[in-house]
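The values are calculated or read from the model by the stated rules, or taken from the named source; none is laboratory data. Quick caveat, the model's predicted, so the values are computed rather than measured. Note that each Cβ is placed from the backbone with ideal geometry, even for glycine, and that neighbours are counted across all protein chains shown. We work out accessible area using only protein heavy atoms, side chains counted, and drop any ligands, DNA or RNA first. Shrake-Rupley method; radii C 1.70, N 1.55, O 1.52, S 1.80 Å.
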Amino acid sequence: MNKPRMLLAALPLLVGVAQAQQPPESEWRQANRQVAEFPRGHADVLKWEQAQQTAMPPAAGKPATLALSSLAEGVQLAWQAHPELAKPLAQLGAEEAALLASGQWQALSAVKLRRIEDAAELIEVAHGTRKTLLAAMAVEQALPYQQQALQAAEAAAELGARMARTGNWSKLQDAREQLLKVSALQQWQRSQYAAGQSRAAVLKALQQWTRRPSQTVSLPQGLPALPAAILSEQAFQSRLESMSATLPASEHITMRANAELAYSAYRTAFALASSSQQDMLKLRQFIYDETVLRYNGMLLNTWDLLAESRALAEARVEVITAVRDFWLAEADLQLLLLGHVPESFVTLAAGGGDSPAAAGH
């Protein structure tokens, strides 16, 4: 983005909207004069003002942080919190335990697992911890984009309020921008709450919550990328048959029905996540880039640019939510193919209103 060009394009547009009859040092002219001191115009002015108002000295002491570098590390820590799982882990062996911890359950033998006492609890802890971590990682990954959406809404609302005070905007126009700001702020508050809840869920899964109440957790950066391809229908049926052979005949019908539900969720979640990344986000990015070009050419106004900035940030949150849902569905399917049934299947989020909250545990 050509920032100097954006500034040169924005200033004549905003000054023109303000009209020439304003007093020499009106609040509106002061605001525009401030813009020249910042490379990205009003957005940076507002960020600077907020920083001056909210700057606080750093805290004297910080709580201890539990740093997790991977999903597998989180699962292994969860196992360590259950001393009774030491025996089944030893029977499973280091190599296969590593596969289970890292989510590579398709490489495990369902027959061998059924011969190990307490293997069901071992799998249950791995499944629950993995889903809890995935949900928490999605919340953390989405927070910066949700903050960007809020900042764009705040900038538009502040600019609208200044214009309304100088008589260049109607109360109706101002109210619309203020409403968007309130909505974005509420979503940001929900996201911050979800982040706190998801971190607490991780600490509880690792049994760290009661040991050190002041402990915080640092999660792996970003969800895993989508796989290039998913388990085919033929491969799914083959693995389902192999797993069913290890079950009592009375369980076959129920297990097959649950497995079909899990596979349907898995395929649908992958289709939605792929479409979100390859279609929706690319189109939203194109619209934003074209809006910037037209804004630089003074063909669109500041509110058009801020609206597209907000929409692009929200689209990125939708992608994160969709990718999270795929990995949650994948964990459920892997659990089914080891002969176990999850408590519930993932609910695929719809639209941009759902933030990646702590789900799946």
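Taking all protein chains together, HIS127, HIS252 sort by accessible area into HIS252, HIS127, largest first [probe 1.4 Å]. Extension gain for the segment ALA228 to ILE253, taken as residue separation times 0.36 nm less the Cα-Cα distance, is 5.8 nm to one decimal.
Gain on full extension, evaluated as 0.36 nm per residue between ALA120 and GLU84 minus their Cα-Cα distance, stands at 11.7 nm.
Here the accessible area of segment 114-254 is 51 percent carbon and sulfur, with a 1.4 angstrom probe and all protein chains present.
Let me check against my output: what whole-number percent is the relative contact order of segment 179-291, with C-alpha pairs under 8 Å and at least 6 apart? Please report the intermediate quantities before stating the final value.
Numbers: 20 pairs, mean separation 20.4, N = 113.
Rounded, it is 18 percent for segment 179-291.
Think of a 1.4 Å ball rolled over the protein heavy atoms: segment 118-177 then has 36 Å² of accessible area per residue.
Most tightly packed first, judged by the mean number of other beta-carbon atoms within 10 Å of their residues, the peptides 278-286, 66-74, 331-339 read 331-339, 66-74, 278-286. Distant-in-sequence amide contacts of THR216, defined by a placed amide H-H separation under 5 Å and a gap of 5 or more residues or a different chain, comprise ALA64, THR65, LEU66. Take 317-326, 141-150 and order them by the average number of nearby Cβ atoms within 10 Å per residue, most first; the result is 317-326, 141-150. Accessible area per residue for segment 223-361 is 47 Å², calculated with a 1.4 Å probe on protein heavy atoms, without ligands, DNA or RNA. Each residue, ALA94 and SER242, gets one label point 7 Å from its Cα in the Cβ direction; the gap between the two is 2.5 nm.
Looking at segment 147-252, the trypsin sites (Lys or Arg not before Pro) that sit in a DSSP loop and have at most 13 other Cβ atoms within 10 Å of their own Cβ are ARG211. Can you tell me the FRET efficiency between ALA175 and GLU343 if r is taken as the Cβ-Cβ distance and R0 is 30 Å, rounded to the nearest 0.05? Efficiency at R0 = 30 Å is approximately 0.10. Given R₀ = 41 Å, what would the calculated FRET efficiency be for SER264 paired with ASN168, taking r from the Cβ atoms and rounding to 0.05? Result of the calculation: an efficiency of 0.15.
Evaluate E = 1/(1 + (r/R0)^6) for LYS112 and GLN278, where r is the Cβ-Cβ distance and R0 equals 35 Å; express this FRET efficiency to the nearest 0.05. So the FRET efficiency works out to roughly 0.35.
Mean projected area of the convex hull spanned by the Cα atoms of segment 203-290, taken over all viewing directions: 10.6 nm². Taking all protein chains as shown and a probe of 1.4 angstrom, HIS340 keeps an accessible surface of around 50 Å².
Under a 5 Å amide H cut-off, with hydrogens placed 1.01 Å from N, LEU247 pairs with nothing among residues at least 5 apart or on other chains.
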